[in-house]
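See below for the structure under consideration.
The values are calculated or read from the model by the stated rules, or taken from the named source; none is laboratory data. Treat the numbers as computed from the prediction; the structure is a model and nothing was measured. Neighbour counts are summed over all protein chains in view; Cβ atoms, including those assigned to glycine, are modelled from backbone coordinates with ideal geometry.
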Amino acid sequence: MRVLLLILTVLVTLGAIEAIAPQLAVADPIPAQAVNQTPRTNITKRSPHGDKVESKDMGMALLFWAFAAATLGGALFVITRRNLIAAVMGMVGSFLGISAVYMMLYASFLSVIQMLVYAGAIMVLFVFVVMILNRPEDEPVAPTGRAGHVIGGLAIVYLVGRLILMLMQVQPPNPATAVQAPAQVTLPGDVVGTMEKVDWGSVKAVGWDLFGPGLFVFEAVSILLLIAVVGAIAIARPLHEDQNNAGEPRQIPRDEAATGGHA
Amino acid sequence: MSDLLINVGYGHFLVLAALLFLIGTVGVLIRRNALIILMSVELMLNAANMTLLTFSRMWGDLSGHTFALIVIAVAAAEAAVGLAIVVAVFRGRRNVDVDRLTTLRH
């Protein structure tokens with residue numbers, strides 16, 4: 001029954017991919033004339049760095065492959081290790097690789113944020129919970145039938161192969177403009193009426209977009225974070241009877257302190 | 001072939017993000033520890049972020065960076081709530097094996 005369901009799923013997925021793939025491969029989201037319309041941030045044509053994402057530089061390629069290997073290796077470490085601490089450490093390695101890849105995409109601010117928030121804050125949270133749990137898994141991978149493994153593996157290999165072939169052919173909508181991908185964006189300067197060029201992906205450029213068009217989303221996320229903090233505390237709090245039990249010992253020293261104060 | 005190795009373009013970043021997402025998906029599907037599943041979800045969110053930044057660079061539109069920042073904030077909130085649920089489940093059952101959480105199945 002499970003195998004039949006799996007086969008059916010794979011067939012439906014393959015059919016969907018076959019139907020969608022040709023359109024995706026030739027997808028050109030905006031026609032050539034639309035490129036000339038100025039986007040939200042006014043982009044300068046001149047680029048002091050040259051174009052960096054489409055680079056024929058050997059050193060850039062070496063760095064890319066090294067950090068891509070770190071990213072994927074760390075991710076594989078996460079899903080294969082039985083020891084939870086090892087998995088978390090693999091995750092940190094993966095995040096460092098991702099951060100470097102962001103830097104290659106000229107997202108310097110996001111790169112730093114990735115390092116601070118993910119490798120710093122979230123991973124520390126994970127380590128805390130791992131220490132609380134402190135139980136190695138008996139059997140890391142759920143057992144399934146051999147046929148399921150074979151079919152699932154073949155389907156994954158086929159789908160990933162198709163995906164890679166498709167993604168490798170992704171081209172900028174208009175190669176003539178995209179090869180000079182913007183190294184700097186022009187924003188209003190500190191003095192009213194002046195314009196200022198800041199680096200692509202810098203704090204100022206991202207902040208101008210975040211607090212301009214993205215202001216509502218920013219405020220919504222701040223409320224979401226507040227709700228998440230309150231919810232996390234409410235969920236992780238001990239149950240009601242535990243709470244009463246835990247409250248008892250705290251009452252006693254307070255009474256003692258009060259009587260001690262009177263005496 | 002060597003051209004593909006040396007000439008790193010947008011497609012390479014997209015393929016890297018797709019493989020990262022795939023690893024995250026496989027982790028969610030095959031692992032039974034709730035913590036590892038949460039970490040795999042984080043990997044998938046990072047893959048989506050990398051795709052956002054690649055297309056942001058490709059289109060020359062900075063709003064992809066804003067969106068990635070929002071995704072990071074949402075991922076932090078998700079990790080906090082998810083870990084709180086894991087702790088609550090562990091407190092009641094002394095394990096976090098998702099295959100054994102069958103109370104709601106019937």
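Overview of values
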read-out	value
Filter pass, B:L14 being part of a helix (DSSP H, G or I), surrounded by fewer than 20 Cβ atoms within 10 Å (Cβ to Cβ) and without any contact (Cβ under 8 Å) to a residue 60 or more places away in the chain	no
Of residues in the stretch A:190-208 being of a type in the set (V, I, T) and buried (at least 17 other Cβ atoms within 10 Å of the Cβ), the one modelled with the lowest pLDDT	A:V198
Residue check, B:L52 more than 7 Å from chain A (Cβ to nearest Cβ) and surrounded by fewer than 18 Cβ atoms within 10 Å (Cβ to Cβ)	no
Matching residues, the stretch B:20-32, being in contact (Cβ under 8 Å) with a residue 24 or more places away in the chain, part of a helix (DSSP H, G or I) and either more than 10 Å from B:A47 (Cα to Cα) or facing another protein chain (nearest Cβ under 7 Å) (or both)	B:L20
Residue within the stretch B:77-100 that is outside any helix (DSSP H, G or I), farther than 30 Å from A:L62 by Cβ, more than 7 Å from every other protein chain (Cβ to nearest Cβ) and touching a residue at least 60 places away in the same chain (Cβ under 8 Å) present	yes
Any pair with Cβ under 7 angstrom, 6 or more apart, that starts in the stretch A:201-223 at a residue that is more than 9 Å from chain B (Cβ to nearest Cβ) and ends at one that is small (G, A, S)	A:S202/A:S108
Only listed residue being in contact (Cβ under 8 Å) with a residue 40 or more places away in the chain, within 7 Å of chain A (Cβ to nearest Cβ) and crowded, with 18+ Cβ neighbours inside 10 Å, chosen from B:L62, B:L35, B:L69	B:L35
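Yes/no per residue for (1) among the charged types (D, E, K, R); (2) modelled with pLDDT of 50 or more; (3) surrounded by 10 or more Cβ atoms within 10 Å (Cβ to Cβ):
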residue: A:L210; (1), (2), (3): no, yes, yes
residue: A:P213; (1), (2), (3): no, yes, yes
residue: A:F218; (1), (2), (3): no, yes, yes
residue: A:V221; (1), (2), (3): no, yes, yes
residue: A:L224; (1), (2), (3): no, yes, yes
residue: A:I233; (1), (2), (3): no, yes, yes
residue: A:R237; (1), (2), (3): yes, yes, yes
residue: A:Q243; (1), (2), (3): no, yes, yes
residue: A:A263; (1), (2), (3): no, no, no
